[in-house]
Amino acid sequence: MSPPATKWQRQGLIVRPDPARWWMRTHAMVPTPYLRTDGTHRLFFSGRNDTNQSHIGWADIALDEGHASVIRLSEEPVLAPGKLGTFDDNGVTPSCVIRSGNETLLYYIGWNPGSTTRMNIFGGLAVSTDDGDSFTRWSEAPILERSKTDPYINTAPFVVADGDKFLMYYVSGVGWDDPDNPRYLIKMANSSDGKNWLRDGKIAINFSDNEEKALARPFVIARDGGWQMWFAHKGDAYRLGYAESDDGVKWERDDSRSGIYTAISGWDSEMVEYGAIVDAGSFRYLFYNGNNYGFDGFGYATSQS
């Protein structure tokens with residue numbers, strides 16, 4: 001067995017739900033980092049209102065030699081559910097934020113109730129021209145919709161700029177075991193502008209066995225001449241998985257190298273999922289959710305580079 005890619009030390013919860021804020025009465029879900037032009041680390045995430053609808057807000061975080069603290073938390077969300085009848089009219093959750101030219105691109109998950117199944121979820125895009133303080137939908141339609149190669153859910157886009165092109169890793173459904181439980185894995189797409197995407201059904205990360213039900217929220221970074229991916233995977237409950245690649249296309253999966261597992265007790269004792277990596281100074285930070293999909297909020301772990 002190879003050693004962990006990064007060995008993490010748990011540091012505890014950093015952002016919790018805030019009942020005083022109408023948009024995050026419960027949950028703080030899918031921490032999604034963005035380095036602003038002034039050097040501030042902003043973590044976008046989704047909280048839920050009184051009717052369980054997700055809204056996207058942010059926390060500005062100070063990172064200091066392995067310690068993380070909240071500087072400021074948004075009073076209002078930067079993205080709310082869409083218009084009635086659109087793909088995201090019942091909730092929005094971030095999955096990736098990048099800078100492209102003079103724009104900040106927020107890729108997100110749009111939630112919509114299903115009729116024969118529990119939900120429909122597709123990938124959306126919102127654009128900021130003020131470095132992430134406000135966003136406008138690039139389209140009221142999803143950028144990841146059903147297609148010939150992806151006839152089920154298509155969501156959680158994570159985008160990496162690679163030279164003069166963009167690569168996307170996204171969650172693609174392969175079917176439903178029953179009306180409440182879809183199966184989904186991680187596929188790839190490419191684009192010349194980060195907005196219009198070409199998909200041919202290429203799988204980046206496949207199921208490890210027939211018992212595995214879901215692969216979720218890929219988070220990809222290029223480092224040391226190669227590529228690393230952390231992702232969530234589950235049979236009965238989510239754990240954090242890991243894969244490496246020489247070119248960002250062909251991946252070798254080895255979940256034993258994720259470096260973190262469920263705790264003995266507490267907020268991440270049953271689940272560990274939706275990991276996001278930030279490198280700052282001589283430390284690497286892992287922000288992630290725990291039990292019940294971020295009901296308690298999100299926490300972090302650290303490793304010295």
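The values are calculated or read from the model by the stated rules, or taken from the named source; none is laboratory data. Every value quoted in this text rests on a predicted model; they were computed, and no experiment measured them. Every residue, glycine among them, receives a Cβ derived from its backbone with ideal geometry; neighbour counts consider all protein chains shown.
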Could we say that residue 199 is at pLDDT 95 or above and of a type in the set (Lys, Arg) here? yes
Contacts under 6 angstrom Cβ, first residue in segment 214-240 being free of Cβ contacts under 8 Å to residues at least 12 places away in the same chain and among the charged types (D, E, K, R), partner part of a strand (DSSP E or B) and surrounded by fewer than 23 Cβ atoms within 10 Å (Cβ to Cβ), 6 or more apart: none
When residues of segment 180-192 are filtered for being modelled with pLDDT under 95 and farther than 21 Å from residue 146 by Cβ, how many remain? 0
Per the list (1) assigned to a strand (DSSP E or B); (2) within 22 Å of residue 98 (Cα to Cα), residue check on residue 302 breaks on (2)
So, in segment 47-73, how many residues would count as being small (Gly, Ala, Ser), within 15 Å of residue 297 (Cβ to Cβ) and in contact with a Gly (Cβ under 9 Å, 6 or more places away or on another chain)? 3
Only unsatisfied item for residue 72, checking (1) buried (at least 22 other Cβ atoms within 10 Å of the Cβ); (2) without any contact (Cβ under 8 Å) to a residue 60 or more places away in the chain, is (1)
Which of the residues belonging to segment 1-51 are touching a residue at least 24 places away in the same chain (Cβ under 8 Å), surrounded by fewer than 15 Cβ atoms within 10 Å (Cβ to Cβ) and of a type in the set (S, T, N, Q)? 2, 9, 37
Go through segment 22-68 and report how many residues are small (Gly, Ala, Ser) and in contact with a Pro (Cβ under 7 Å, 6 or more places away or on another chain). 4
Looking only at segment 254-290, which residues are of a type in the set (Lys, Arg) and under 14 Å from residue 301 (Cα atoms)? 284
Could you grab the pairs with beta carbons closer than 7 Å, sequence gap of 6+ or different chains, first residue in segment 256-270 and without any contact (Cβ under 8 Å) to a residue 24 or more places away in the chain, second one in a helix (DSSP H, G or I)? 269/291
Looking at 42, 72, can you tell me which residue is part of a strand (DSSP E or B), of a type in the set (Lys, Arg) and in contact with a Lys or Arg (Cβ under 7 Å, 6 or more places away or on another chain)? 42
Residue selected from segment 264-288 under the condition assigned to a strand (DSSP E or B) and of a type in the set (Val, Ile, Thr), by the criterion farthest from the chain's Cα centre (by Cα): 278
Identity of the residue in segment 78-118, in contact with a Gly (Cβ under 8 Å, 6 or more places away or on another chain) and assigned to a loop (DSSP other than H, G, I, E, B), that ends up nearest to residue 54 (Cα to Cα): 81
For residues that are more than 18 Å from residue 290 (Cα to Cα) and within 17 Å of the chain's Cα centre (by Cα), scanning just segment 228-263, find the one that is surrounded by the fewest Cβ atoms within 10 Å (Cβ to Cβ). 228
